[in-house]
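Written out below as structure tokens is the structure these notes cover.
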Amino acid sequence: MKIRKFAQNYYHMADFIRFFIPLYFIVFFTISFVGISYKVAKQIGKNPNVLPKDDSVYGLVGFYFKMTLCVLFIYTMLLLFLPEKIFNAFKITMLEYIPLQYTGVVIMISALIWVIIAQLQMKNSWRIGVDSTTKTELITHGLFRFSRNPIFLGMTISLAGFFLVFPTVITFSFLLIGSILMQIQIRIEEDYLLKQHGPIYLTYKKRVARMFGLH
């Protein structure tokens with residue numbers, strides 16, 4: 001009886017994950033990237049996506065960042081349309097624990113809300129990349145009182161939640177690679193902000209942690 005109940009719970013969770021994960025990332029990309037970009041573009045009169053497309057080191061980071069997002073989106077769509085193959089690929093079985101998976105769901109939803117709030121608090125200062133042609137306002141209020149990079153923090157936590165919900169070597173790779181790329185991007189942006197805002201940013205940097213005291 002217990003085995004049957006466990007099997008039923010397992011398959012119910014599998015069905016939930018199959019639909020929740022793709023829907024989550026569709027919502028995340030639609031609101032956090034497309035929607036916010038459109039909103040800011042209308043206000044500033046240009047595309048806020050300023051990641052370079054040259055062969056510089058920064059351009060390479062931007063390229064890998066975009067590639068990672070594309071592969072992540074494709075992977076989640078395959079989860080929806082080819083569940084039999086994707087669910088069993090490189091699974092970490094010992095972490096497949098239903099309460100842990102529900103915890104991951106809560107973390108992912110919370111992270112999405114956190115990211116959207118942080119983006120809205122940035123208003124016209126929000127960019128994807130470093131905008132060297134415009135001096136943007138230094139945002140230090142709201143969530144930026146607790147983290148200098150609340151958007152990247154939220155994205156990292158979202159990937160961690162994804163790994164808890166669907167523990168595979170592939171989702172762990174997304175967490176690892178995504179975290180590394182975001183940490184590089186953060187340091188590029190820090191150098192730019194220090195040049196743009198000088199002592200004001202330096203004071204803010206000393207007062208507020210890079211990633212909520214995590215880095």
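The values are calculated or read from the model by the stated rules, or taken from the named source; none is laboratory data. Note that the structure is a prediction, hence the values are computed from the model and not measured. Cβ placement follows ideal geometry from the backbone for every residue including glycine, while neighbour counts extend to all protein chains displayed. We work out accessible area using only protein heavy atoms, side chains counted, and drop any ligands, DNA or RNA first. Shrake-Rupley method; radii C 1.70, N 1.55, O 1.52, S 1.80 Å.
Here are some notes:
- Enumeration of residues in the range 115-142 that are on the phi > 0 side of the Ramachandran plot, surrounded by fewer than 18 Cβ atoms within 10 Å (Cβ to Cβ) and not charged (D, E, K, R): 142
- The set of residues in the range 47-84 being touching a helix residue (DSSP H, G or I) at 6+ places or on another chain (Cβ under 8 Å) and among the charged types (D, E, K, R) consists of 53 alone.
- Members of the range 92-111 found to be open to solvent by 60 Å² or more (accessible area, probe 1.4 Å) and either over 15 Å from residue 171 (Cβ atoms) or not aliphatic (A, V, I, L, M) (or both), listed by number: 93, 97, 99, 102, 103, 106, 109, 110
- Test: residue in the range 194-204 that is buried (at least 16 other Cβ atoms within 10 Å of the Cβ), in contact with a helix residue (DSSP H, G or I) (Cβ under 8 Å, 6 or more places away or on another chain) and of a type in the set (A, V, I, L, M, F, W, C): no
- Here the condition is being modelled with pLDDT under 95 and open to solvent by 70 Å² or more (accessible area, probe 1.4 Å); of 50, 34, it holds for 34 alone.
- When residues of the range 54-92 are limited to those that are without any contact (Cβ under 8 Å) to a residue 24 or more places away in the chain and either of a type in the set (Gly, Ala, Ser) or in contact with a Pro (Cβ under 8 Å, 6 or more places away or on another chain) (or both), the one nearest to residue 165 (Cα to Cα): 59
- Checked against (1) open to solvent by less than 20 Å² (accessible area, probe 1.4 Å); (2) in a helix (DSSP H, G or I); (3) within 24 Å of residue 95 (Cβ to Cβ), residue 157 passes all but condition (1).
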